[in-house]
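The values are calculated or read from the model by the stated rules, or taken from the named source; none is laboratory data. Keep in mind the model is a prediction, meaning the values are calculated, not measured. Using ideal geometry, Cβ is built from the backbone for each residue, glycine included, and neighbour counts are taken over all protein chains shown.
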Amino acid sequence: MFVYEKKLQYPVRIQNPNPKLAAIIISQYGGPDGELGASLRYLSQRFSMPYPELKGLLTDIGTEELGHLEMIGTIVHQLTRNLTEEQVKQAGFDAYFVDHTTGVYPTAASGFPWSAASMQVKGDLIADLTEDLAAEQKARATYDNILRLSDDPDVNDVIRFLRAREIVHFQRFGDTNHNKLSKFYHRAGVGASCPGALLVDYSR
Ligand SMILES: [Fe+2]
């Protein structure tokens, strides 16, 4: 079960509305490398993880990603509250506005709604943890792109925090792979067409 704490992991206090920026940042809410996919990926992969410490790691990081989803939703909300119709039109926010007004909807910046096809749960510890490493780097790259496009210091402060957390997650997944799984990589014949990963003796 989850216990909700009524505060953000890192504060979001944006002074100025900016719907154009919101239409970009929404990608980290419902885009292919966003926080919704991250949280569901990890919180779903954990069920078939054979080791308690790996299950715990996925639960821990997946739960934090839910907190990041909440922060991204808050950024989008604060960037779009109290907009005038003129601002909506001038900022090119009309395509989003016509479908969602200023509600926060899980979609990519390109307009493609969030899809579970953007993530995977393979049920194989090596495949899943390797995907997780890539997922963290793709999220980090998206935050880098947002920082390239945004000149709002209130937004960028939060985005830098989120970017740093993706790097921490990558390192935590990486440590797991290196320390605990190297023998399984070897035995599973990673890189070869080998079902060994499924046949690994998880009891040792
Ligand atoms: Fe992450």
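Considering His77, His68, which residue is more than 21 Å from Gln120 (Cα to Cα) and assigned to a helix (DSSP H, G or I)?
Exactly one of His77, His68 is more than 21 Å from Gln120 (Cα to Cα) and assigned to a helix (DSSP H, G or I), namely His77.
Which ones in the range 121-159 are of a type outside the set (Ser, Thr, Tyr) and outside any helix (DSSP H, G or I)? Don't jump to the end; show me each part of the working.
Within the range 121-159, the first condition is being of a type outside the set (Ser, Thr, Tyr), and the residues that meet it are 121-129, 131-141, 144-149, 151-159.
Of everything in the range 121-159, those that are of a type outside the set (Ser, Thr, Tyr) and outside any helix (DSSP H, G or I) turn out to be Val121, Lys122, Gly123, Asp124, Asp151, Asp152.
Yes/no per residue for (1) surrounded by 14 or more Cβ atoms within 10 Å (Cβ to Cβ); (2) over 18 Å from the mean Cα position of the chain (by Cα); (3) modelled with pLDDT of 95 or more; (4) under 30 Å from Pro17 (Cβ atoms):
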site	(1), (2), (3), (4)
Ala141	no, no, yes, yes
Asp152	yes, yes, yes, yes
Asn156	yes, no, yes, yes
Arg163	yes, no, yes, yes
Gly189	no, yes, no, no
Gly196	yes, yes, no, no
Asp201	no, yes, no, no
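Would you mind stating whether Ala38 is within 14 Å of the ligand (Cβ to nearest atom), part of a helix (DSSP H, G or I) and small (Gly, Ala, Ser)? Break it down stepwise before answering.
Working: within 14 Å of the ligand (Cβ to nearest atom): yes; part of a helix (DSSP H, G or I): yes; small (Gly, Ala, Ser): yes.
Yes, satisfied.
Tell me, yes or no, whether the range 95-102 has at least one residue that is in a loop (DSSP other than H, G, I, E, B), under 23 Å from the mean Cα position of the chain (by Cα) and more than 16 Å from the ligand (Cβ to nearest atom).
yes
Of all residues in the range 41-57, how many are outside any loop (DSSP other than H, G, I, E, B), farther than 22 Å from Lys7 by Cβ and away from the ligand (no atom under 11 Å from the Cβ)?
Of the residues in the range 41-57, 11 are outside any loop (DSSP other than H, G, I, E, B), farther than 22 Å from Lys7 by Cβ and away from the ligand (no atom under 11 Å from the Cβ).
Identify all residues within the range 72-87 that are within 16 Å of the ligand (Cβ to nearest atom) and farther than 22 Å from Phe112 by Cβ; write none if there are none.
none
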